[in-house]
Each structure stands twice: as structure tokens, then as C-alpha cells.
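A short worksheet on the structure shown next.
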Amino acid sequence: MVDSTDYRKWIERAEQDYRIANIIKEEDLHGVEDSFCYICYQAAEKLLKAFLLYNSESVPKTHDLIFLLERSKVYDSSLEEFFDGISILNEYAVSARYPIDFETSRTTKEAEEAFEVLENLRHEILKRIK
């Protein structure tokens, strides 16, 4: 399967993830914090890939948000402000997706922080694309 080269399709998928996260957040995060953090991570990945495509770069075959952010900074260095938040979201690629014996689950506070990072990134990426 080949990923789309149309940045708008990546935005559409990111918006679906964002919408799902919003619905969960409004309903109740309790008990779904791990999955919620993973959804936030997924939306951020799609937003960064959309940004790269918008700037005429192919989508790297990676799920590493830090790598995607570094590539994105080539086109807009002000995205550096997201480094700390992206670093946190990047941890959820695996740790929030699969059960791990030695690690605790994400907390509601961590889930709320993940959503805040996503919201801020979404706002800035959409502002730069539109």
C-alpha cells in the first residue's frame, strides 16, 4: 500500500483523529487515557506529514514525531517550540498503544497534556497550510 501524496488527505485523516479525541475528551477520559494519548500521537503524525507534503517533500517512512518535526523545521523554524510536546507524544507511539508489564498507564493529566499539545500543533499547522 502506498501512502497518499495529497496533503489534504493527510489533513482529513488528522481531523478525524482530532474529532475522535475531542469526543472522548468531552465524554470522559477516565479509563481510556492510554488509547486517547495514542490518538493524539496519531493526529500529530498526520499533521506533520501533511505539512511536509504541502511543502513539496515526500512523506518519510517513519512514525518518529521528532524526526518529522526536524524535517518540518526546514520549512518553518518556529515549529521548534513544539519540541518538548512532540517528544512527549512520541513516547505514546508504543507505550500507550500496547500493554507493558513494567509501566503504569497514562494518567488523566497526561492525556489532557497530550491533547493540549495536539491542539496547539493543529492550530499552527493549519494556519501555515491554509
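Details
- Whichever residue in the range 1-20 is hydrophobic (A, V, I, L, M, F, W, C) and closer than 14 Å to F115 by Cβ and, among such residues, is least open to solvent (accessible area, probe 1.4 Å): A14
- Every pair of residues 6+ apart whose Cβ atoms lie under 9 Å, when the first sits in the range 35-46 and is on the phi < 0 side of the Ramachandran plot while the second is part of a helix (DSSP H, G or I) and of a type in the set (K, R): F36/K25; Q42/R13; A43/R13; A43/R122; A44/R122; K46/R13
- Counted residues, the range 21-71 - those being within 13 Å of the chain's Cα centre (by Cα), at pLDDT 95 or above and either basic (K, R) or open to solvent by 70 Å² or more (accessible area, probe 1.4 Å) (or both): 3
- Filter pass, V59 being in contact with an Asp or Glu (Cβ under 6 Å, 6 or more places away or on another chain) and aliphatic (A, V, I, L, M): yes
- The set of residues from the range 66-89 being of a type in the set (F, W, Y) and out of contact with any helix residue (DSSP H, G or I) (no Cβ under 8 Å at 6 or more places or on another chain) comprises just one member, F67.
- Test: K127 is modelled with pLDDT of 95 or more, among the basic types (K, R) and open to solvent by less than 20 Å² (accessible area, probe 1.4 Å): no
- Of everything listed in (1) of a type in the set (S, T, N, Q); (2) buried (at least 19 other Cβ atoms within 10 Å of the Cβ); (3) not in a helix (DSSP H, G or I), the single unmet condition for N90 is (3).
The values are calculated or read from the model by the stated rules, or taken from the named source; none is laboratory data. Quick caveat, the model's predicted, so the values are computed rather than measured. In this analysis, Cβ positions are derived from the backbone assuming ideal geometry, glycine residues included, and neighbour counts consider all displayed protein chains. These area figures cover heavy atoms from the full protein model, side chains too; ligands, DNA and RNA do not enter into them. Shrake-Rupley method; radii C 1.70, N 1.55, O 1.52, S 1.80 Å.
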